[in-house]
Amino acid sequence: MIIISAEFDLADPADMPKAMELAIPLQQATRDDEPGCLAYCFAPDPCIEGRMQVYELWEDEASLAAHFQHPNYMNMGMGLGQIGLANASAHKYRVTAVEPVYDDTRKARADFFTYDEQRPDEKIIIAGTIDAADPAAVPAALEESI
């Protein structure tokens with residue numbers, strides 16, 4: 001698996017609604033139409049005005065390479081370029097081990113407790129989703145999390 005983690009700072013933070021309007025249908029199309037796409041999410045950073053956080057999970061190098069040639073990718077890049085970016089940073093990570101954050105006792109663990117060894121140079125990325133019981137409560141929860 002491959003993880004892409006990125007940040008985009010909009011030239012004008014007031015353009016975030018426009019950026020999200022562009023991103024939402026392209027995110028859904030990427031998830032629905034591109035084989036090997038396991039997650040694809042662009043979301044406003046609740047702590048930094050005008051920053052968009054990106055999280056992608058791809059099955060393998062071939063699916064990511066196909067994405068980079070797909071109209072969804074091209075349209076996202078052109079659209080964000082037209083809106084205007086002040087800064088962008090993106091990195092890809094090859095996943096060598098995956099396991100739950102929480103052990104059987106529901107304790108959060110930083111170590112890889114189901115693997116014998118972790119190399120000291122390996123980065124750790126924690127990614128997950130939360131499905132809200134009441135979607136209307138999400139904006140207040142995000143505001144509180146800041």
Contour excess over end-to-end distance, with Cα ends at Val138 and Glu7 and 0.36 nm allotted per residue: 45.0 nm
Environment charge of Asp103, counting only residues whose C-beta is closer than 12 Å and scoring Lys/Arg +1, Asp/Glu -1: 0
Loop-located GluC sites (Glu not before Pro) in region 41-82 whose Cβ has at most 16 other Cβ within 10 Å (DSSP): Glu49, Glu59
Per-residue [θ]222 nm for the chain (sum of -39500 (n - 2.57) over DSSP H runs n ≥ 4, rounded to 500): -10000 deg cm²/dmol
Max mean-square fluctuation residue, GNM over the chain, Cα-Cα springs under 10 Å, options Ile48, Ile83, Ile130: Ile130
Dipole magnitude of the chain, debye to nearest 20 (Cβ charges: Lys/Arg +1, Asp/Glu -1, about Cα centre): 180 debye
Segment Cys47-Asp33, extension gain: residue separation times 0.36 nm, minus the distance between their alpha carbons: 1.9 nm
Contour minus Cα-Cα distance for His70 and Thr105 (0.36 nm per residue): 8.3 nm
Value of Rg to Rh for the chain (Rh from inverse mean 1/r over Cα pairs, i.e. Kirkwood): 0.99
Contact order relative to length of region 5-80, as percent, for alpha carbon pairs under 8 angstrom and 6 or more apart: 36 percent
From the C-alpha gyration tensor of region 27-77, square roots of 5λ in Å: 22, 12, 9
Dipole axis of the chain (+1 Lys, Arg; -1 Asp, Glu on Cβ), positive-most option in Ile130, Gly79, Val98: Gly79
For Ala86, net neighbour charge (Lys/Arg +1, Asp/Glu -1) across residues whose Cβ lies under 13 Å away: -4
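Every read-out reported here was derived from the displayed coordinates using simple, explicitly stated rules and does not represent laboratory data. All figures in this text were calculated on a predicted structure; none of them were measured in a lab. Glycine also receives a Cβ, built like all others from the backbone with ideal geometry; neighbour counts cover every protein chain displayed.
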